[in-house]
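The values are calculated or read from the model by the stated rules, or taken from the named source; none is laboratory data. Bear in mind the structure is a predicted one, so any value in this text is a computation, not a measurement. In this analysis, Cβ positions are derived from the backbone assuming ideal geometry, glycine residues included, and neighbour counts consider all displayed protein chains. Heavy atoms of the whole protein, side chains included, go into the accessibility calculation; ligands, DNA and RNA do not. Shrake-Rupley method; radii C 1.70, N 1.55, O 1.52, S 1.80 Å.
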Amino acid sequence: MFEKLKQKKQDFKKTANMVIDCQNGVVSSIFQQLPYAMVFKTTNWCWNNCAHCCESSGSLMPKKFIPESVINGYVDQAITDKKFSRQIVFTGGEITAAYKFAGRDYLSNIINHALNANCGVDIKTNAGWVNSPLATVVYSDLEDVVRKQSDESNADSIKNIIKFQVSLSLDRFHKDAMMRDFKFIEHFAHTNISGATFTVNVSSIKQDQNMFAELLNNLVDSGIRVEQLFMMDSDGNFVKNMYSLNGNIVISNSTGTLFNGGRAKDIDFAYKTPFPQFAFMAPDGVSLVAFDSLGNVTLGENSGQKISVPWSDGKNGDTLPLKTIHENLLGATKQAEQDFLNQHKKMNAYINWLRRHVVK
Ligand code: SF4
């Protein structure tokens with residue numbers, strides 16, 4: 001009984017805060033002011049069908065990828081925009097399915113194009129292919145990417161950490177995640193690329209954050225030299241734990257919230273976000289503009305009520321200019337704020353009454 005009342009009180013407070021934010025246009029003005037990162041959800045197809053997939057990706061989804069020319073075209077437009085943070089995420093579904101459905105060089109081409117445009121690149125993979133013949137091809141392509149960015153003249157000194165990251169998942173839902181992540185990391189821990197190294201980030205959900213310590217122990221037990229690095233900000237504050245493996249690769253760990261989008265809606269601890277609010281922001285204060293293979297651009301990746309607009313004109317398949325997409329996203333965000341106020345008419349009226357009579 002008491003718990004129910006407590007929950008009701010929390011829900012009331014949450015809705016009231018969101019109504020105030022919508023009245024003030026907080027979400028749309030944050031989107032307008034913040035720098036943005038671009039996410040390309042290259043496909044919704046995936047070998048896995050994880051129970052917690054926020055994108056509802058899986059083996060029954062279309063075997064369709066965002067064309068390489070579309071991605072490269074948006075990168076070219078974004079780098080002329082001062083608000084672009086020059087951070088790009090390539091994800092899926094499972095992005096390495098591109099070797100099967102989008103062409104042998106799709107993955108290399110989009111990564112190299114973005115790195116050559118001086119952007120930081122993060123690719124997300126479930127590493128489900130580590131025990132398959134595809135592994136040789138993917139490893140070789142990723143090594144080439146790093147080699148191309150390396151400074152060979154620096155070969156004998158400390159390696160340059162390039163702005164390229166591969167993100168792996170480690171949680172209870174990704175099948176065999178511990179084994180897959182270990183194999184991927186082990187390969188690169190034993191691969192010496194002169195003059196350059198890159199980062200592998202292992203991301204967990206809060207509920208499974210202990211799995212990273214187990215992974216580190218497994219790496220140590222296998223004979224890999226693991227050295228802790230400390231990343232500090234400009235004020236000398238400790239910001240991140242990183243580990244150098246055999247001096248060949250750097251790994252880090254991040255822990256995120258599982259949102260209740262897609263199939264994750266059935267997971268009891270998935271966080272419910274009725275309105276995207278700040279969930280469309282990455283922790284480092286950029287908003288996320290996410291393109292998907294179904295032709296939509298969404299503010300944020302996978303949280304709550306989605307604010308989406310198309311990236312194609314829908315008539316002859318031409319892509320819309322990035323500037324137009326931004327204007328349309330802003331318009332859709334303002335509309336979503338208005339819709340939220342309409343859905344919560346009584347709360348809206350009550351807060352307006354308070355504003356008139358109490359807050360002077
Ligand atoms: S969570 Fe990742 S690995 Fe699992 S179905 Fe979704 S895209 Fe595939």
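Flag: LEU60 does not match the condition of being open to solvent by less than 40 Å² (accessible area, probe 1.4 Å) and either within 16 Å of the ligand (Cβ to nearest atom) or modelled with pLDDT of 95 or more (or both).
One residue stands out in segment 170-225 among those that are loosely packed, with under 14 Cβ neighbours inside 10 Å and touching a strand residue (DSSP E or B) at 6+ places or on another chain (Cβ under 6 Å): the one that is farthest from ALA270 (Cα to Cα), namely VAL220.
Open to solvent by 10 Å² or more (accessible area, probe 1.4 Å) and touching a residue at least 40 places away in the same chain (Cβ under 8 Å): does that describe ASN241? When the stated conditions are applied, ASN241 does not pass them. Reported count of residues in segment 303-358, each being assigned to a helix (DSSP H, G or I), among the charged types (D, E, K, R) and open to solvent by 30 Å² or more (accessible area, probe 1.4 Å), is 8.
Residue pairs whose Cβ atoms lie under 6 Å apart, sitting 6 or more positions apart in sequence or on different chains, and linking a residue in segment 86-97 that is on the phi > 0 side of the Ramachandran plot to a partner that is more than 13 Å from the ligand (Cβ to nearest atom), are ARG86/CYS119. For ARG86, the test of being modelled with pLDDT of 95 or more, surrounded by 15 or more Cβ atoms within 10 Å (Cβ to Cβ) and out of contact with any Ser or Thr (no Cβ under 8 Å at 6 or more places or on another chain) is passed. For segment 93-111, filtered to residues that are assigned to a loop (DSSP other than H, G, I, E, B), open to solvent by 10 Å² or more (accessible area, probe 1.4 Å) and touching a strand residue (DSSP E or B) at 6+ places or on another chain (Cβ under 8 Å), the residue that is modelled with the highest pLDDT is ALA102. For first residues located in segment 57-78 and of a type in the set (Asp, Glu), partners that are buried (at least 16 other Cβ atoms within 10 Å of the Cβ) and lie 6+ apart or on another chain with Cβ distances below 7 Å form the pairs GLU68/TYR106; GLU68/ASN109; GLU68/ILE110. What's the total number of residues in segment 262-277 that are at pLDDT below 85, more than 13 Å from the ligand (Cβ to nearest atom) and either open to solvent by less than 70 Å² (accessible area, probe 1.4 Å) or part of a loop (DSSP other than H, G, I, E, B) (or both)? Total satisfying the criteria: 6.
Filtering segment 121-149 to residues that are open to solvent by 20 Å² or more (accessible area, probe 1.4 Å), at pLDDT 95 or above, within 27 Å of ALA78 (Cα to Cα) and more than 15 Å from the ligand (Cβ to nearest atom) leaves GLU143, ASP144.
Given the options SER303, SER312, name the one that is over 23 Å from PHE65 (Cβ atoms) and either modelled with pLDDT under 80 or of a type in the set (Gly, Ala, Ser) (or both).
Values: SER312 fails: over 23 Å from PHE65 (Cβ atoms).
Exactly one of SER303, SER312 is over 23 Å from PHE65 (Cβ atoms) and either modelled with pLDDT under 80 or of a type in the set (Gly, Ala, Ser) (or both), namely SER303.
With the structure loaded, tell me whether VAL121 is within 27 Å of PHE212 (Cα to Cα), in contact with a Ser or Thr (Cβ under 9 Å, 6 or more places away or on another chain) and touching a residue at least 24 places away in the same chain (Cβ under 8 Å) or whether it fails that test. For VAL121, the condition - within 27 Å of PHE212 (Cα to Cα), in contact with a Ser or Thr (Cβ under 9 Å, 6 or more places away or on another chain) and touching a residue at least 24 places away in the same chain (Cβ under 8 Å) - is not met.
The selection criterion, being outside any helix (DSSP H, G or I), under 17 Å from the mean Cα position of the chain (by Cα), small (Gly, Ala, Ser) and away from the ligand (no atom under 16 Å from the Cβ), holds for SER85.
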